[in-house]
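The values are calculated or read from the model by the stated rules, or taken from the named source; none is laboratory data. Model, not experiment: these values are computed from the prediction. Neighbour counts run over all protein chains shown; Cβ positions are idealised from the backbone, glycine included.
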Amino acid sequence: MKALLKNYKQSPRKVRLVADLIRGKSVAGARSALSYLPKKSTPAIGKLLDSAVANARGKGLSPENLFVKTITVNKGAMLRRSRPFARGRAGAIRKTMSIIALELGTQSQMQKSKVKNQNDGEKSKK
């Protein structure tokens, strides 16, 4: 249940703001959070989420039992442009792109990871 979006034309730093918001949420919760967020990357991440859900349906899983397990935003290709500056000089403009990878997990995986995180926290307290 993975989906990948390559060469999305927005910088990774801006896309990570939206990605951090939906990480760990259920599919329904992620969709509702994306519907109210006024960022440029929300429609693209919403389509990516729908694509991952469609991939899960192809494997026979229902969307009600799925959550956003991981979502990573990495740096993609870079368009290099130049802009004229004063006194006949030219300055470099770098337009970065993003690579967004989304993975869905089932609720049973989420419960296992919560138990594991609780056990790790108890070990560090001792």
Point to revise | Residues that are part of a helix (DSSP H, G or I) and surrounded by fewer than 17 Cβ atoms within 10 Å (Cβ to Cβ), drawn from region 1-20 | key: ARG13, LYS14, LEU17, ASP20
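Among the residues of region 24-42, are any under 19 Å from LYS6 (Cα atoms) and out of contact with any helix residue (DSSP H, G or I) (no Cβ under 9 Å at 6 or more places or on another chain)? It would help to see each step written out before you state the result.
We begin by selecting, within region 24-42, every residue under 19 Å from LYS6 (Cα atoms); these are 39-42.
If we keep only those that are out of contact with any helix residue (DSSP H, G or I) (no Cβ under 9 Å at 6 or more places or on another chain) as well, we get none.
So far as region 24-42 goes, no, none of its residues is under 19 Å from LYS6 (Cα atoms) and out of contact with any helix residue (DSSP H, G or I) (no Cβ under 9 Å at 6 or more places or on another chain).
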Check your understanding: If you take the residues of region 63-104 that are in contact with a helix residue (DSSP H, G or I) (Cβ under 7 Å, 6 or more places away or on another chain) and not in a strand (DSSP E or B), which of them is nearest to ASP50 (Cα to Cα)?
Key -> PRO63
Review point. GLY24: outside any loop (DSSP other than H, G, I, E, B), surrounded by 12 or more Cβ atoms within 10 Å (Cβ to Cβ), at pLDDT below 95 and of a type outside the set (Ser, Thr, Tyr), yes or no?
Key: no
